[in-house]
Amino acid sequence: MKQEARPIAPVTPSAQYGTETTDPDSFDLRLLLRTLLRKRRLILGVMLSVAVAVYLLVRLLPPTYTAEAKIILDPRKARVTASEAVVASVDPSEQIVNGEIQVLNSNILLNKVRRALPEAAIAQLDPTLRATSFLGGIKAMLPGFSSGAPSPLTALAPDGKDELQDTLLMQEIRDSLRIFNENVSFVITIRAEAGDADLARILANTVADTYIETQLESRQDAVKQATKWLELRVATLRKDVEAAESAVADFASANLLRDGGTLENATQQLAQLNS
């Protein structure tokens, strides 16, 4: 027996759940809100889990403290004498400021900073002496992170250990510093970051003090060299003056003997020569 095909009844919008529309530029806001309400427990659970994970991660991360020391290159000129200065004054410019920043980042200055740091600061900066953090201990206990390989310092001779330790310490000091100049100014900022507030302060101040002491020492050396040169020049001129005075005296005495002069004439000639 053949059955007749029945037409499908059209879907009417539901006042309770809402229906999706065929228009791609529109959506049913009530359907979206009801879907969110049905999934509210899952959404709140995910948000709470992420918040707890972020909080624990932030609590496990070590804090970082920042300290800054500022140095200004004085562009003013102080004229002490009317003649040219012994030590030439440098006019601060962008090139000069960048050059001084390179001096602050140089190994020579950082090596002086390393020698000037106190032992407590060295113990915190030296990666070979630093205590293992909580995250480091967890990584060491995990089989994927613990390789069991010995430390590179154990396989070296004592001299090699000291050299490698100094290299690691210098790199740690360099990584803790950021040196830059302020915009359109002669101010150089020395920024130090460390896990301890006192360590950051000591590191920034030590770099600034060492730079100033180095500049003073270089100027003092330049003045000493100029003073030695002036002393040699004065001694040479003194000898020339003495030789000239001796030649004048010999010439005067020879003239007196040749002309048969008296003591009175010799006295007058000496007076004229002196005037």
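Could you say which residue among Gly99, Gly160 is at pLDDT 85 or above and open to solvent by less than 60 Å² (accessible area, probe 1.4 Å)?
Gly99
Could you grab the pairs with beta carbons closer than 8 Å, sequence gap of 6+ or different chains, first residue in the stretch 164-193 and in a loop (DSSP other than H, G, I, E, B) and among the small types (Gly, Ala, Ser), second one at pLDDT 90 or above and surrounded by fewer than 16 Cβ atoms within 10 Å (Cβ to Cβ)?
none
Check Leu232 against each of (1) open to solvent by less than 50 Å² (accessible area, probe 1.4 Å); (2) at pLDDT 90 or above and name the one condition it does not meet.
It fails just one condition, (1).
Could you list, in sequence order, the residues of the stretch 186-198 that are of a type outside the set (Val, Ile, Thr) and in contact with a strand residue (DSSP E or B) (Cβ under 8 Å, 6 or more places away or on another chain)?
Of everything in the stretch 186-198, those that are of a type outside the set (Val, Ile, Thr) and in contact with a strand residue (DSSP E or B) (Cβ under 8 Å, 6 or more places away or on another chain) turn out to be Phe186, Arg191, Ala192, Glu193, Ala194, Gly195, Asp196, Ala197.
Give the residue that is most open to solvent (accessible area, probe 1.4 Å), with candidates limited to residues of the stretch 188-219 that are more than 13 Å from Ala121 (Cα to Cα) and of a type in the set (Lys, Arg).
Arg219
Could you give every pair whose Cβ atoms fall below 7 Å, whose first residue belongs to the stretch 222-237 and is in a helix (DSSP H, G or I), and whose second residue is open to solvent by 80 Å² or more (accessible area, probe 1.4 Å), counting only separations of at least 6 or pairs across chains?
What qualifies is Val223/Val86; Ala226/Val86.
Take the residues of the stretch 52-78 that are more than 28 Å from Asp175 (Cβ to Cβ) and at pLDDT below 85: which is surrounded by the most Cβ atoms within 10 Å (Cβ to Cβ)?
Pro75
So, Arg41, is that one open to solvent by 80 Å² or more (accessible area, probe 1.4 Å) and at pLDDT 85 or above or not?
Yes: the conditions hold for Arg41.
The values are calculated or read from the model by the stated rules, or taken from the named source; none is laboratory data. Just so we're clear, the structure is a prediction, and the values are computed from it rather than from any experiment. A quick note on method: Cβ atoms are made from the backbone with ideal geometry, for glycine too, and the neighbour counts reach across all protein chains shown. The accessibility values were calculated without ligands, DNA or RNA, using every heavy atom of the protein model including side chains. Shrake-Rupley method; radii C 1.70, N 1.55, O 1.52, S 1.80 Å.
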